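Colleague: This is the structure I want to talk about, given as structure tokens.
The values are calculated or read from the model by the stated rules, or taken from the named source; none is laboratory data. Keep in mind it's a predicted model, so treat the numbers as computed, not measured. Cβ atoms come from the backbone with ideal geometry, glycine included; neighbour counts cover every protein chain shown. Please note that ligands, DNA and RNA were not included when accessible areas were found on the heavy atoms of the full protein model with its side chains. Shrake-Rupley method; radii C 1.70, N 1.55, O 1.52, S 1.80 Å.
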Amino acid sequence: MTRPVDRFLFRSKDASLRRKLILSVELNCFAGIVIASAALFAHQVYSLRGQFAAEMTALARMVATYAVAPVSFGDSKGTTEVLGGLQVRPEITAAVLRNPEGKALALYGASASEMSAAAPMEPGFRQWDFTVVQPLELHGEKLATLQVFASFRPVFFDALKNFVPAMALALVVSFAGVAFLTRISAKVLLGGLDRLGASVARVASTADYSVRAPEAGRDEVGSLTAAFNHMLGELQAADASLRSTNASLAGEILERKRLEKALVASSRRAGMAEVATGVLHNVGNVLNSLNVSVHLVRDRLESSELKNLQKAVDLMRPHIDNPGPFFANDPKGPLVLKFVAELSVQLENERVAFLEEVQALARSVEHIKEVVSTQQNYAHTAGVIENLDGRELLEDAIRINQVSLERHGVTIEAAPLQPLPLSTDRHQVLQILVNLISNGIHALDSEPAGHRRLRISAARNTESVRFDVEDHGVGIAADNLTRIFQPGFTTRRDGHGFGLHSGAIAARTIGGSLQAHSEGLGRGARFTLIVPLSPTRLTRNQACQPTASLP
Amino acid sequence: MAFARKILLGILLLFIPMAAQAADSSLEYRVKAGFLFHFAMFVEWPATILPPGAPLRIGLLAPPEVCSDIEQSLAGKSAAGHPLVTERVTTEALAKDAPHILFVQRSADISPSALAQILGDRPVLVVGETSGFASSGGAIGFVIRGDTLRFQVNLAAASHANLQLSGQLASLAEIVKAR
């Protein structure tokens with residue numbers, strides 16, 4: 001906190017160092033001179049007091065000496081005359097000569113009543129007053145006592161009167177000298193700093209690091225100047241280096257921009273390839289299912305009862321014009337009628353089965369359409385949110401992989417599921433589940449035929465539905481657990497490393513998560529898909545407890 | 001202290017107005033005896049003549065009654081360590097043996113110059129009371145000023161007698177020169 005006097009003298013911290021230095025030195029000198037003058041005056045007063053006391057004592061002693069004879073002879077006039085000699089010092093206000101009994105023999109400057117016996121006998125100073133007590137002795141015999149009373153006041157004020165103008169003159173002269181010398185000193189002392197400041201200002205305004213401050217000796221300013229020059233040298237070198245680096249950096253930036261453009265183009269191409277791979281993968285999965293349905297329809301058509309209908313028609317054809325006798329007399333008539341009745345039932349069953357397969361085919365085709373459509377808008381469009389049953393999604397995924405399951409001899413182990421209502425993007429979830437089941441089927445290739453089982457479960461809590469696909473196949477090495485979701489990573493000879501990557505992205509897209517767990521190679525693996533009940537209900541990586549699982 | 005008191009009493013007595021001096025001769029000479037005593041205090045004799053502690057002899061060239069008054073006044077007194085001894089002297093005896101102080105009463109029919117011839121340069125403080133005694137060659141002569149007894153000092157005569165008079169004594173005296 002700045003004191004008022006500082007604020008007054010230096011106004012603010014913005015005052016120049018020169019002004020502060022000069023003012024500071026001048027103030028210190030002025031204070032020093034005043035203090036020294038006061039001390040000198042005090043010393044002079046002290047000396048004057050001592051001198052005054054000595055003079056008064058000497059005068060009293062002299063007068064006393066000269067008063068011995070008149071007192072001895074009882075010459076009161078002579079005694080008074082001797083006391084009158086005290087007038088040489090106007091500071092002496094009174095004197096009295098008393099005999100040993102205290103009676104006043106002679107007086108000076110005061111009446112007898114004033115000089116009563118009560119007048120002080122103690123010698124020395126009492127404030128302004130000084131008392132001398134001088135005995136009158138003759139050959140060792142005390143004749144009387146002389147008391148002299150003097151005032152130091154006129155001496156003091158005389159000294160003050162003489163001293164004050166002298167001190168004032170000394171102050172003025174000293175202060176003028178100090179001011180002059182201070183300015184010369186400031187010029188000498190701050191010259192180096194000024195030159196350094198000018199150099200700093202020049203560097204600041206021109207950013208020219210080749211400037212050097214003039215040498216300023218070996219004192220602090222000289223050291224500062226040398227350090228500044230050294231710093232400028234360093235700055236100059238750094239600046240040159242920086243300019244060089246900047247130039248090369250500019251070239252690098254241009255090169256980077258060119259590479260960036262190339263990279264963007266390359267990424268775009270890679271993205272397109274990724275989308276294409278995704279489309280092919282998912283469509284491939286659905287095509288497997290489609291193929292199954294087609295084969296099923298073909299097999300059923302081949303074994304259809306329709307050809308038996310032709311045989312019955314052939315039996316009845318000769319009797320078309322007159323069918324009555326045939327059915328009434330021919331023993332084959334009632335048999336044909338029975339056969340047709342049974343056939344109609346079988347054909348109705350076949351029709352229903354065909355209808356189901358065709359509907360499955362239609363769903364597969366629709367899924368292919370959706371896959372293609374979804375993959376086309378992969379990074380840009382959000383899927384359609386529908387109210388679904390997770391159980392149906394799981395069944396569709398199993399069905400899509402049905403052919404593959406049969407071909408690889410894999411059996412599904414799944415407990416009866418409760419309805420799992422949720423709102424999500426059907427095709428994203430279906431794509432993930434189809435992919436997980438397909439991966440599980442291939443992971444079981446290492447297991448002996450007849451022992452390949454894929455456990456599938458689903459559970460729902462208040463926030464999400466959890467799907468688990470677990471196999472007891474090849475398993476995943478610990479090192480690969482963090483890599484299996486990276487694009488292009490696969491352990492399968494015919495794999496392309498896209499399924500789990502796109503599955504993880506799809507899970508994130510719908511606000512869920514896809515996690516992998518394995519105890520290691522040969523210990524099987526479990527993939528868990530968490531799907532929020534609605535897109536905003538669950539954040540990624542949140543777990544849920546199963547409500548149904550395989551034994 | 002008792003001594004000082006006596007001196008002061010003496011002084012008080014000495015300064016009794018002298019208007020009726022003739023009326024009481026005894027008082028006059030007791031006062032003058034006091035003066036003689038103080039002269040002894042303010043005059044210095046050569047040490048060979050008056051060694052320390054030696055009696056200071058006061059010769060009285062005066063009638064017996066005057067001598068008697070003075071003797072009574074000075075009896076038993078000492079000045080500056082010297083016991084005072086009064087002696088009645090004659091002019092003839094002075095030629096052989098001189099005292100330290102010689103008081104010459106007015107009735108003694110001898111002039112100061114004659115005394116000087118008798119005493120020579122011997123250190124004798126010659127004190128008289130006749131008019132113009134000091135200016136006639138005596139060392140100290142009593143005079144009456146108004147109603148006060150004072151004294152005149154002839155410094156040349158004192159110096160001739162090898163006597164050192166105190167400046168203070170001189171400051172109280174009227175200084176005269178020999179005619």
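Colleague: Angle check, please: helix A:306-316 long axis (alpha carbons) against the longest principal axis of chain A (alpha carbons), in degrees 0 to 90, nearest 10.
Modeller: 20 degrees
Colleague: So how tilted is helix A:220-302 from the main axis of chain A? Cα-based, degrees 0 to 90, rounded to 10.
Modeller: On a 0 to 90 degree scale, this one is about 20.
Colleague: Can you order the peptides A:152-160, B:146-154, B:33-41, A:317-325 by their average number of other Cβ atoms within 10 Å per residue, highest first? List each step's numbers first, then the result.
Modeller: Working: A:152-160: 15.2, B:146-154: 18.3, B:33-41: 22.7, A:317-325: 9.9.
Descending packing order for the listed peptides: B:33-41, B:146-154, A:152-160, A:317-325.
Colleague: Separate question: How far apart, in nm, are the 7 Å Cα→Cβ label points at A:A341 and A:E356?
Modeller: The answer from the label model is 2.6 nm.
Colleague: Rounded if a/c is under 1.5, else prolate if a/b beats b/c, else oblate: with a ≥ b ≥ c from the C-alpha gyration tensor eigenvalues square-rooted, which is chain B?
Modeller: rounded
Colleague: As an exercise, take the mean of 1/r over every pair of distinct alpha carbons in the protein assembly as shown, invert it, and state the Kirkwood radius in angstroms. Each step should come with its number before you reach the end.
Modeller: Numbers: mean 1/r = 0.0235 Å⁻¹.
Taking every pair of different Cα atoms in the protein assembly as shown, averaging 1/r and inverting gives 42.6 Å.
Colleague: Which one of A:N285, A:A478, A:A443 has its Cα pushed farthest toward the positive end of the charge dipole of chain A, where Lys and Arg give +1 and Asp and Glu give -1 at the Cβ?
Modeller: Farthest towards the positive end: A:A478.
Colleague: Assuming R0 = 35 Å, what is the FRET efficiency of A:T462 and A:A262, from their Cβ-Cβ distance, to the nearest 0.05?
Modeller: 0.10
Colleague: Compute the accessible area of each residue in the stretch A:131-146 twice, once for its chain alone and once with every protein chain present, using a 1.4 Å probe on heavy atoms, and list those whose area falls by at least 10 Å².
Modeller: For the stretch A:131-146, once contacts with the other chains are taken into account, A:L138, A:H139, A:E141, A:K142, A:L143 lose 10 Å² or more.
Colleague: So, one more: If we count every other residue with Cβ under 13 angstrom of A:A64's Cβ, Lys/Arg +1 and Asp/Glu -1, where does the sum land? Don't skip to the answer; put the middle values down first.
Modeller: Details: positive: A:R61, A:R98, A:K142; negative: A:E137.
My count for the surroundings of A:A64 gives +2.
Colleague: Could you tell me the accessible area of A:K77 in Å² (1.4 Å probe, neighbours in place), rounded to the nearest ten?
Modeller: Estimated to the nearest 10 Å², A:K77 gives 130 Å².
Colleague: Could the peptides B:170-176, A:211-217 be put in order, highest first, of the mean number of other beta-carbon atoms found within 10 Å of their residues?
Modeller: Numbers: B:170-176: 17.4, A:211-217: 15.4.
So the order, starting with the most tightly packed, is B:170-176, A:211-217.
Colleague: What is the local net charge at B:H160, summed over the other residues whose Cβ is closer than 12 Å to its Cβ (Lys, Arg +1; Asp, Glu -1)?
Modeller: In short, 0.
Colleague: If R₀ is 41 angstrom, what is the calculated FRET efficiency for the pair B:A170 and A:R126, using the beta carbon separation as r and rounding to 0.05?
Modeller: For R0 = 41 Å, the calculated efficiency reads 0.60.
Colleague: If you place +1 on the Cβ of every Lys and Arg, -1 on the Cβ of every Asp and Glu, and leave all else neutral, what size is the dipole of the stretch B:82-179 about its Cα centre, to the nearest 20 Debye?
Modeller: Values: 8 positive and 8 negative charges, 39 e Å.
So the dipole magnitude of the stretch B:82-179 works out to roughly 180 debye.
Colleague: While we're on this one: State the extension gain, in nm to one decimal, for the chain segment bounded by A:N387 and A:L481, taking 0.36 nm per residue of separation less the distance between their alpha-carbons.
Modeller: Length gained, A:N387 through A:L481: 30.5 nm.
Colleague: Just the accessible area for A:R391, please: 1.4 Å probe, Å², rounded to the nearest 10?
Modeller: The value for A:R391 is about 70 Å².
Colleague: Sticking with this one: Where nothing but the Cβ of Lys and Arg (+1) and of Asp and Glu (-1) is charged, how large is the charge dipole of the stretch A:443-485 around its Cα centre, in debye to the nearest 20?
Modeller: About 140 debye.
Colleague: Could you tell me how many degrees, from 0 to 90 and to the nearest 10, lie between the Cα long axis of helix A:332-376 and the main elongation axis, the longest principal axis, of the Cα atoms of chain A?
Modeller: On a 0 to 90 degree scale, this one is about 30.
Colleague: Could you compute Rg(Cα) / (2.2 N^0.38 Å) for the stretch A:24-170, with N its residue count? Provide the component values of the computation, followed by the final result.
Modeller: Numbers: Rg = 19.8 Å, N = 147, 2.2 N^0.38 = 14.7 Å.
With N residues counted in the stretch A:24-170, Rg over 2.2 N^0.38 Å equals 1.35.
Colleague: Could you calculate the contour length gain from A:K77 to A:K103, that is, 0.36 nm times the residue separation minus the distance between their Cα atoms, to one decimal place in nm?
Modeller: On the way: separation 26, 0.36 × 26 = 9.36 nm, distance 1.63 nm.
Stretched out fully, the A:K77 to A:K103 stretch lengthens by 7.7 nm.
Colleague: Just to verify a number: FRET efficiency for A:E302 and A:H451, C-beta to C-beta distance, R0 = 30 Å, to 0.05?
Modeller: My answer for the efficiency is 0.40.
Colleague: If you roll a 1.4 Å probe over the heavy atoms of the protein chains, what accessible area per residue do you get for the stretch A:324-467, in Å²?
Modeller: Spelled out: the 1.4 Å probe surface of the stretch A:324-467, per residue, equals 51 Å².
Colleague: In addition: Could you give the dipole magnitude of chain A about its Cα centre, charging the beta-carbon of Lys and Arg +1 and that of Asp and Glu -1, in debye to the nearest 20? Mind dumping the intermediate values first?
Modeller: Values: 57 positive and 55 negative charges, 306 e Å.
Dipole about the Cα centre, nearest 20: 1480 debye.
Colleague: Shifting gears a bit: Return the distance in nm (one decimal) between the two label points of a simple spin-label model at B:N162 and A:R508, each offset 7 Å from Cα along Cα→Cβ.
Modeller: 14.6 nm
Colleague: Further question: Which value, in Å² and to the nearest 10, is the accessible area of A:D330 when all protein chains are kept and the probe is 1.4 Å?
Modeller: Around 50 Å² of this residue is reachable by solvent.
Colleague: Which value in nm describes the separation of the simple spin-label points at A:A38 and A:V173, placed 7 Å from the Cα toward the beta carbon?
Modeller: A separation of 2.3 nm, rounded to one decimal place.
Colleague: List the pairs from B:K96/B:K177; A:K311/A:K332; A:K77/A:K142 whose alpha-carbon separation is above 23 Å, in the order I gave them.
Modeller: Cα-Cα > 23 Å for B:K96/B:K177; rest within.
Colleague: Another one. What are the residues whose amide H is under 5 Å from the amide H of A:A94, where those residues sit 5 or more places off or on another chain and H is modelled from the backbone?
Modeller: Hits under the 5 Å cutoff: A:F149.
Colleague: If you don't mind, there's one more thing I want to ask. So what is the 222 nm mean residue ellipticity for chain A from helices alone, if each DSSP H run of at least 4 adds -39500 (n - 2.57) and you divide by all residues, rounding to the nearest 500 deg cm²/dmol? Could you put the intermediate results ahead of the total?
Modeller: On the way: 12 runs with 318 residues, N = 551.
That calculation yields -20500 deg cm²/dmol at 222 nm.
Colleague: Can you pull the mean other chain C-beta count within 10 Å for peptide B:165-172?
Modeller: 5
Colleague: Skipping prolines and chain starts, which residues have an amide H placed within reach, meaning under 5 Å, of the one on A:L138, given they are 5 or more residues away or on another chain?
Modeller: Amide H to amide H, under 5 Å and 5 or more residues apart or across chains, A:L138 pairs with A:L143.
Colleague: Express in nm, to one decimal, how much length is gained between A:K161 and A:V365 on full extension, taking 0.36 nm for each residue of separation and deducting their alpha carbon distance.
Modeller: 60.8 nm
Colleague: Roughly how large is the A-B contact in terms of buried accessible area, totalled over both chains, probe 1.4 Å, nearest 100 Å²? Intermediate results must be reported in sequence, preceding the final value.
Modeller: On the way: alone 32510 and 8900 Å², together 39760 Å².
About 1700 Å² of accessible surface is lost on pairing.
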